[in-house]
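Quick notes on the structure that follows.
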Amino acid sequence: MKEYFNSNKELKNIIRETSEIAGYLWQRGWAERNASNISVNITDLLKKEEISEYSLFPYFTLPLSYPKLAGSYFFVTGTGKRMRDLAWKPMKNLLILQLNGDASGYWIISQTIGDAENFLPTSELPTHLGIHQMIAERGSNEKVVMHTHAHELVTLTHAKEFCDQDRLNQVLWSMHPETVIFVPKGVGFVPYFLPGSVEIAAETLKALQNHDVALWEKHGVFAIGKSVEETFDAIDILAKSAHIFFMCRSANIIPDSFSEAQLAELRKLAENF
Ligand code: 13P
Ligand code: ZN
């Protein structure tokens, strides 16, 4: 970790929180091998820093540009890195990036050219940056984007019945009251596309226009939030709903589900949260 970051207490705290949550992703069985990636917009924490040695940092061009993110700073997990390793050695598994003036490329400012431990950001960077740009366009205050292989939710997408967004949300909301309260806009369904592609990034943005979480068919989820913990919570709650659904099925119980009146009552409650 470079000197600029060492003295930044807020940054250290958020990296500590991310490490803790990365460990939970692994414990939940959602982060096999290098599965999962996290990015956090840390522009507010770093904009005061005087970073001048740009020629020392590795620079990469992006396949698309993200004008709303020009000059912004992020930390992102490294491609091929394991969440269980991030849990105890964060700076060996994540990178700090700064986008250039027209947001068509980035410097890795946590490394210098020739560092023995050079590594690259997550292969899902196009989706992460696309979502951060969407957040900037909306002017909302989410800072965190999290992708993980929450298998309880992925399992649903192996059934054609649940590749229907309305049906998917109807089931998830009707299994547990918390799901309506904390994931009120529900899940946007993203049909299968190649992971890491700009196509899947574009489809994810569409899904997140009107939903809290995007569910990638046969792959995983993307969630956004104001903190790493809050982002994890949304996925955790959805996974709980899916788990209850499968437990009912495996016990040969047809879930009773909430009535429309009960759902409406919960939605009202959600408005005040
Ligand atoms: P990365 O190791 O490139 O972050 O990929 C993990 C993953 O989950 C891809 O969808
Ligand atoms: Zn993945």
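The values are calculated or read from the model by the stated rules, or taken from the named source; none is laboratory data. These figures come from a predicted structure and were not determined experimentally. In this analysis, Cβ positions are derived from the backbone assuming ideal geometry, glycine residues included, and neighbour counts consider all displayed protein chains.
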The one condition in (1) more than 16 Å from ligand 2 (Cβ to nearest atom); (2) buried (at least 17 other Cβ atoms within 10 Å of the Cβ); (3) hydroxyl-bearing (Ser, Thr, Tyr) that Ser36 fails to fulfil
(1)
Scan Ala22, Ala87 and give me the residue that is more than 17 Å from Lys143 (Cβ to Cβ), surrounded by 17 or more Cβ atoms within 10 Å (Cβ to Cβ) and among the hydrophobic types (A, V, I, L, M, F, W, C).
Ala87
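Having 1 or more residues that are within 19 Å of the chain's Cα centre (by Cα) and basic (Lys, Arg) is the bar; report the helices (runs of 4 or more DSSP H) wholly within the range 1-67 that clear it. Don't jump to the end; show me each part of the working.
Values: elements: 3-6, 9-27, 43-46.
Correct list: 9-27.
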Can you tell me which residues in the range 62-103 are of a type in the set (Phe, Trp, Tyr) and over 26 Å from Arg33 (Cα atoms)?
Tyr66, Tyr73
Number of positions in the range 124-164 that are surrounded by fewer than 18 Cβ atoms within 10 Å (Cβ to Cβ), of a type outside the set (A, V, I, L, M, F, W, C) and either more than 30 Å from Pro63 (Cα to Cα) or touching a residue at least 40 places away in the same chain (Cβ under 8 Å) (or both):
8
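If a residue must be hydroxyl-bearing (Ser, Thr, Tyr) and over 23 Å from the mean Cα position of the chain (by Cα), how many such residues does the range 165-182 contain?
1
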Matching residues in the range 109-149 - criterion: being within 16 Å of ligand 2 (Cβ to nearest atom), among the hydroxyl-bearing types (Ser, Thr, Tyr) and in contact with a strand residue (DSSP E or B) (Cβ under 7 Å, 6 or more places away or on another chain)
Thr122, Thr127, Thr148
Given the residues Ile224, Ile253, which is the only one that is at pLDDT 95 or above, exposed (fewer than 13 other Cβ atoms within 10 Å of the Cβ) and not in a helix (DSSP H, G or I)?
Ile253
Candidates Gly78, Gly71, Gly101, Gly29, filtered to the one that is touching a residue at least 24 places away in the same chain (Cβ under 8 Å), of a type in the set (Gly, Ala, Ser), under 30 Å from Glu199 (Cβ atoms) and surrounded by 21 or more Cβ atoms within 10 Å (Cβ to Cβ):
Gly78
